[in-house]
Every structure is written in structure tokens, then in C-alpha cells.
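One structure is given here, and the rest of the page talks about it.
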Amino acid sequence: MSRKVLVIGEVREGALRNVSFEAIAAAKTMSDGGEIVGVLCGSDDLTNMGKELIYYGADRVVTVQSDQLASYTSEGYSQALMAVIDDESPEGIVMGHTAIGKDVTPKLASKIETGLISDAVNIEETGDNIVFTRPIYSGKAFEKKIITDGLIFATIRPNNIKALDRDEGRSGEVTAKEVDIKDLRTVIKDVIRKSTEGVDLSEANVIIAGGRGVKSEDGFKPLEELAEVLGGAVGASRGACDAEYCDYSLQIGQTGKVVTPDLYIACGISGAIQHLAGMSNSKVIVAINKDPEANIFNVADYGIVGDLFDVVPKLTEEIKQIKVNA
Amino acid sequence: MNIYVLMKRTFDTEEKIQIDGGRIEEEGAEFIINPYDEYAIEEAIQLRDEHGGEVTVVTIGEEESEKQLRTALAMGADKAVLINTEDDLEEGDQFTTVKILEAFFEDKEADLILAGNVAIDEASGQVGPRLAERLNFACATTITSISVDGDKAQIERDVEGDVEKIETSLPLLVTCQQGLNEPRYPSLPGIMKAKKKPLEELELDDLDLEEDDVEAKTKTIEIYLPPEKEAGKVLEGEVDDQVKELVSLLQNEAKVL
């Protein structure tokens, strides 16, 4: 049964997020040949970004441009998105399970009184059903879920569903929609950037994480250097956060972020069950720890027993070398 | 201030998950207050101490949830409500939960509702913002700081690592993120007092709801455990050689470089 599916795209620091392209691939499965309509909100001209969504598989794109949408607020965006949903009457909606996705999709689902499957890592068509797989208990288990009533609505976890190939030969309409956004109760006063330059933890392909073994705030420096040569992000265990070596926003685990990068390098992390829940579904795991009995070695693909302050800088140098030679 | 906290009883984070007959095996497992809801309870108590008023902790669940409600009362909450769905509901989802909570809050005149930003079991993170929408409350998710002055609230939110400072207005629903506060342990006098504090038990009937009104919009068709990860290769030799070997393995075997 073909369905019209809305893909809510997301712009971060002037560029579309990867997960928006992944959402188009998800929409492809959900739509079963139906039309895929991208939606973008913002205060600048969004035509070029709209075209980009089309290159990645959207059939056409609706943009909502307003000064009120310069920064994300849940009220502003839900008004804009509801206007588009009312216009388009989609049979499916999908977007990334990002800060914005987590905030706005439950509000939209609540408004239209529909089900919502959050944080899907896989989507497949089985008979008449679109089946979503999502981690529960922070990845200690998985569930397969379907929507039984109303439109099919889901958010997808970044880095899990492969985007379609970009094709500049694709064309489609990008149309602007006027929405009168009013009565915003929430005003953004300031945003303090604390995250790693450019690479967001949940979307990072490579994560270098530190635990109690990093010993201090300065102890994260070698990890940051390794992350830089690999184009990755730095994360941490709860131990490191509790010891105030780093900000809680870096925490990976059952409380904190759940991540699934291609490469996860755990430095000085013992591997408590709560931490493993947050990272053990990473594709390749490397553990560096002084203690050969550390639990982290039980989930690692490769382990080095040694002092991270010795191993990590050497690893950085070695990788720099191969990057130069390549 | 009339403050409410949405609480969920969850598996202890130490627990391993086992599946029996297609369901998560709960027998013998330890249960706790969802860790993010603990931040909500703590913040509610602090705000009440500062502004006066009352903290009511609400949960939807079974008889067993009384234990976690008593813990919240022992921490310092004033009242607790258990909406017991054991006899009425087989399955529910976030739509179900919010439909019930919406009915509960209909006559409550809440100024502030606090919840965890996510429950560590099902981890949908939907209930807070969904409920705010139904009640037409302003809403802020993943907060790490809140101060209230009159009907205005100054809030800091964690947005993927960045800090967003916002001003919003009451009535308000917030979901709490780690870093907001350090939840207290119940004191012995607190535990004694908690035994006498009011704990109201409601069923769907009491909220004028029928089972059909709250029927889930989603359905879980399968639960399974991820394949057990096998321990990998621990490298040997001098550190320099190990590093070289690791890079070569990452390049050629794992193909991630």
C-alpha cells in the first residue's frame, strides 16, 4: 500500500544533518512507492537545502521560512509543521531522533492523536506492516514495533539507516509555505556552545571515550587529539563525569547518550554494565586499559592492556602517519 | 506552587535483561525510581522549599509501584498518587499513558509538572512533551537548571551538549536531564514520615475513562536480546608494536579507518 510520507529535515549550523538524508531512506521503505515530501523550517532561504533533500530521494520539498523560526522552539516549529501536516495529510512522518526530533515529534503526535515510534534503528516492510526495530533498556534488548492505528510516525536514530546515494540528476519542486507563527511562550535568551566542534556525539562515526583512567580534565587532551585526527567526537563514562573531569553532556551509558559509531575507542573505562548499555552496539570497539581484567575487554573487538597516556598519543601519531601516506 | 512529578518505576540499571515467553522477565529483578525521575523529584522538593506549596508524585502502574512512591515521599514529596491499571490494561503505549494523565490533570490546576526526560526502560521520551501538548502547557525538555519567579521561569536546557538558556511561562511542564541536581537519599525520619503521608490509589473508572479511550496506537510484536558479543583479540608485545598492529587491524580487518 503506497503512502505519502513527510520527512522533517533538520538544519544545523547552516547544513542539513546526515540523519535527515537517512530519514529519506527510511521514508522510502515506509512509502512503498508513495510520494516523499521533505519539510524544512528556518529563517533563511531554504531552497538550496530543499534541492539537497531531493538529490537524496525526496520527490518534492515544502519550506517554511519565518524570522520566528531562526532558532528551534517547540512551539514555533510545531505550529509550522502542523500547518504543513494539515496541508499535506500525510500517511507517514519520519525524522531524526535528535534533540529537535525528541522535542517536537511527541507534541505533533499528541496533537494529531497518533502513535509514535521513537528511536528506530531499522525499518522493514513485512506484509502490510511497516516494522520498526528499536533498542530498549538502553540496548540491553530490542523490540519490534508496529503502528496499529492512524498514520505511521517514527523517529530514527542517527547512523543506523543508510542514506540513499546522492543524485544531482534528480529534480523536484521546492515550494515555500507561509505560516503565521504566533503566541510563542518561550524565548531563547542565549546558547552556549560546549559540544565538540562540528561533530555531534550521537552522529559521530568515531568516538574516543574516557573513563576514570583519564584522571583529570587535562587527561582528556590526548583523547581530543586522537578524536581530531579521526574526525570523531569525545565521550565519557559516568565515572569520568562524576569525578568532574568533563561535562555530563559527554556521558555515554544507560543514563546519558546511547551511541552506535563505526569505531568506539574506550580509554581507561572499566566497562560497568550501564556504560556497556550505551555503547556495546558500536560496530568496532577498541579498549585501552591498564587492568587486564577490566570488563570492557569482554565486549571489545581489539584490546590493548596498557597505560592510555602511553598508548593514545602513539596511536594518534601512527594514524597521522597513515593519513599522510594516503 | 502546585507542583506535580511524573514518576515511573523501572528496572535497576544493574539488572541484566532476560526474556521469557516473549516478554521481559521481571521475576526477581530489582526495581528503582527511573533515574531521570529522581532529578524531577529532587527539583520539585527544592522548588517547593523555596516557593511554598505542595509536591505530588504521580505514577501509572501496579500495586508494586507503591514502594517507589513511598521512596519519593521519604525524599520529601507531600503526596503520592498511584493510578493502578493492573486490572484494566493489558498493553499500553505513550498514547495510553498520556490519555490517562490528561484525565488525571483535568481538575488539578498544576503550576508546574516535572518528569524525567526519558525512562531508561522503554526510552521513548514522549510522555512529557505529549502531555504538555494535551494540557496546553509551555514545555521545556532536557533541562539542567530552572528558577521560577512569579509566572516566569528561567531555564537552561541541554541540547546535544550545548546549553540553551530560555525564558518561558507557567503553567509549565519540564523534563529533567542529568546535571540538574544531586538527588537526596531518603533520611530515616523521612522514611518514618513517609508512612503517614497520603497515597491515593485511582483506577481508570475514577478518571471516567473506559479501556477503549486509552487503547494503544502501537504494538510490540517481538522482543529479543542482541547477539552476545564475543570477547575480541587482546594484543601482545611492546606498546609500539601493539599500536602498529591495532592500526593495521582497524585498517585491513575491521576496515574502519
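Values computed for the structure shown
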read-out	value
Residue in region B:162-171 that is modelled with pLDDT of 95 or more, over 28 Å from residue A:137 (Cα atoms) and more than 8 Å from chain A (Cβ to nearest Cβ) present	yes
Selection from region B:1-30 of residues that are in contact (Cβ under 8 Å) with a residue 24 or more places away in the chain and in contact with a helix residue (DSSP H, G or I) (Cβ under 7 Å, 6 or more places away or on another chain)	B:1, B:3, B:5, B:6, B:7, B:8, B:9, B:11, B:13, B:17
Residue count, region A:255-287 (criterion: in a loop (DSSP other than H, G, I, E, B), more than 13 Å from residue A:160 (Cα to Cα) and either among the hydroxyl-bearing types (Ser, Thr, Tyr) or out of contact with any strand residue (DSSP E or B) (no Cβ under 9 Å at 6 or more places or on another chain) (or both))	4
Qualifying residues in region A:181-232 (those that are more than 9 Å from every other protein chain (Cβ to nearest Cβ) and part of a strand (DSSP E or B)) - the one nearest to residue A:66 (Cα to Cα)	A:207
Region A:1-32, subset among the small types (Gly, Ala, Ser) and either at pLDDT 95 or above or part of a helix (DSSP H, G or I) (or both), residue surrounded by the most Cβ atoms within 10 Å (Cβ to Cβ)	A:23
Elements of type strands (runs of 3 or more DSSP E) contained in region B:147-186, each with 1 or more residues being among the basic types (Lys, Arg)	B:152-159, B:162-169
Qualifying residues in region B:110-134 (those that are acidic (Asp, Glu) and at pLDDT 95 or above) - the one nearest to residue A:143 (Cα to Cα)	B:133
Test: residue in region A:57-76 that is of a type in the set (Lys, Arg), in a strand (DSSP E or B) and either over 17 Å from the mean Cα position of the chain (by Cα) or surrounded by 20 or more Cβ atoms within 10 Å (Cβ to Cβ) (or both)	yes
Those residues of region B:31-61 which are touching a residue at least 40 places away in the same chain (Cβ under 8 Å) and under 24 Å from residue B:91 (Cβ atoms), in sequence order	B:34, B:36, B:37, B:58, B:59, B:60, B:61
Residue check for residue A:42: more than 23 Å from residue A:161 (Cα to Cα), more than 14 Å from chain B (Cβ to nearest Cβ), surrounded by fewer than 24 Cβ atoms within 10 Å (Cβ to Cβ) and without any contact (Cβ under 8 Å) to a residue 60 or more places away in the chain	yes
Residue list for region B:199-231, filter: within 11 Å of another protein chain (Cβ to nearest Cβ) and closer than 13 Å to residue B:85 by Cα	B:215
Yes/no for residue B:122 being closer than 30 Å to residue B:222 by Cβ, buried (at least 19 other Cβ atoms within 10 Å of the Cβ) and acidic (Asp, Glu)	yes
Considering residues of region A:121-151 that are at negative phi and not in a strand (DSSP E or B) only, the residue surrounded by the fewest Cβ atoms within 10 Å (Cβ to Cβ)	A:128
Those residues of region A:120-150 which are within 11 Å of chain B (Cβ to nearest Cβ), farther than 23 Å from residue A:253 by Cα and out of contact with any Leu (no Cβ under 9 Å at 6 or more places or on another chain), in sequence order	A:126, A:129, A:131, A:145, A:146, A:148, A:149, A:150
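Rundown of residues vs (1) within 11 Å of chain B (Cβ to nearest Cβ); (2) more than 28 Å from residue A:184 (Cβ to Cβ); (3) in contact (Cβ under 8 Å) with a residue 40 or more places away in the chain, yes/no style:
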{"position": "A:82", "(1), (2), (3)": "yes, no, no"}
{"position": "A:86", "(1), (2), (3)": "no, no, no"}
{"position": "A:98", "(1), (2), (3)": "yes, no, yes"}
{"position": "A:106", "(1), (2), (3)": "yes, no, no"}
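The values are calculated or read from the model by the stated rules, or taken from the named source; none is laboratory data. No experiment lies behind these values; they were computed from the predicted model shown. Cβ coordinates were reconstructed from backbone atoms using ideal geometry, including for glycine residues, and neighbour counts include every protein chain displayed.
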